[in-house]
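Following: one structure in structure tokens, then a few remarks.
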Amino acid sequence: MHWSMNTLPLTPYMELGVQSLSGLLWTLLLLFLWHCYRMGSDLPIPGHAHAGKLKSSSRRSMMSRSGSCIGTKCSARSKLSRSDQISPFISMETVEDDEQGQGYLTPVLSHALFPAQASAEAKKLYTALQQYAKRYSWVGMGRIHKGLREQVRLNDHSAIQKPHLFFLPDVPSVPFFPRDAHRHDIEVLEVNYPAILAEFQAVYQKGIDSKLGWTCVGPKGQAVFPLYSAGVSVAGNCRACPCTYRTLLSLRTFINSNSLGSAGFWLLGPGATLGSTYGPTNTRLRCHLGLQTPPLCELVVGGEPQCWSEGHCLLVDDSFLHTVSHKGPPDSRPSVILSVDLWHPNVAAAERQALDFMFSPEL
């Protein structure tokens, strides 16, 4: 067929180079038509030569992974015949996917027991994780599964960070976290500081007595007025401090659904020292809101000392070795903080849900 440039509906403005422009347009049109033709002819139609090319490439990849068949009972011809029975798209992808899937799920789906020296609590948590996975999914449970199996080894050696109940691996940790890790919750607590302090003072003036909701009463003024204990609200104490209770419920990362989470007023009298202990897990941070902070009160976490400040929060990873002391004179005021357990920012939502199930107060 003869194509003429005169068929283009263009006005012949020679001074603008229209003939050169029309020639370029025709060239681009022909290239586009040729490209469409080649793309259509290259579609993988089953039974045609192109599918055979894909199969041959998949066979080469399978042979390279399986190694040479020379000197064995299995021949290359038998391998190629088996691969011909599989769709080219499946044969190119499912082999690697199956290998990766088995490699990831094998330790999870295995029924291997914990080491003989594993504690009864570790075995109980592992059973709870299996129950959770059956009910929901194993997706996102890799770190929790790894942490449960390595907990025994962690407890066997001394370290500056050694949570005694559960350790989640690959979690970045420092003794004290910056405010940005939980900026929203910190700001909520600090804004409500005057109301929280007023409610504490009202409770404190009634006296420190176990009949009035206080626990852990010690000889040197140590005492706790819990609002949440092991993930369960203390109804009477929450009614006595309604503003503080509502503030806790407005926090985004407050742990209030499992036994790892607690909140309450914590007192330490002058001359008292609580020292050299580890928290139960590294999946949480303890937020300390200073309510009453006399001089010579110190918190040492992982060898780093810090002092509280009234109306301000400290974010502490208490899975590190920590010590609390009040070295003020005998007539000084007790140190008072509001302690609130928050999720570690590096614990994913799926992991939080699983930990809520594993450490449920009902289990």
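Residue-normalised convex hull volume from the C-alpha trace of the range 161-215: 148 Å³ per residue.
Stokes-Einstein at 37 °C, 0.692 mPa s, Kirkwood radius from Cα pairs: D for the range 235-319 in µm² s⁻¹?
On the way: Rh = 14.7 Å.
Reported coefficient: 224 µm²/s.
Out of every Cα-Cα pair that the range 289-363 contains, those further apart than 16 angstrom amount to 62 percent. Compactness ratio for the range 180-269: Cα radius of gyration over 2.2 N^0.38 Å (N = residue count) comes to 1.09. The distance between label points at residue 20 and residue 307 comes to 8.2 nm (points 7 Å beyond Cα on the Cα→Cβ vector).
The figure for residue 327 is an accessible area of roughly 140 square angstrom, using a 1.4 Å probe on the protein chains alone. Separation between the residue 131 and residue 333 pseudo-spin-labels, each 7 Å from Cα along Cα→Cβ, expressed in nm? Result for the modelled spin labels: 4.7 nm. Note on residue 166: accessible area approximately 0 square angstrom, rounded to 10, probe 1.4 Å, nucleic acids and ligands left out. One decimal place: the segment residue 210-residue 233 gains 6.6 nm when fully extended, by the rule 0.36 nm per residue minus the C-alpha distance. Over 31 Å between Cα atoms: which of 146/220; 162/220; 206/327; 162/327 fall into that group? From the list (146/220; 162/220; 206/327; 162/327), the Cα-Cα distance tops 31 Å for 146/220.
Once the other residues with Cβ under 15 Å from the Cβ of residue 138 are scored (Lys, Arg +1; Asp, Glu -1), what is the net sum? Net charge around residue 138: +4.
Taking the Kirkwood radius as Rh and the Cα radius of gyration as Rg, the range 182-334 has a ratio of Rg/Rh equal to 0.93.
The values are calculated or read from the model by the stated rules, or taken from the named source; none is laboratory data. Not measured: the values here are computed from a predicted model. Reconstructed Cβ throughout: ideal geometry from the backbone, glycine too, with neighbour counts over all protein chains shown. Please note that ligands, DNA and RNA were not included when accessible areas were found on the heavy atoms of the full protein model with its side chains. Shrake-Rupley method; radii C 1.70, N 1.55, O 1.52, S 1.80 Å.
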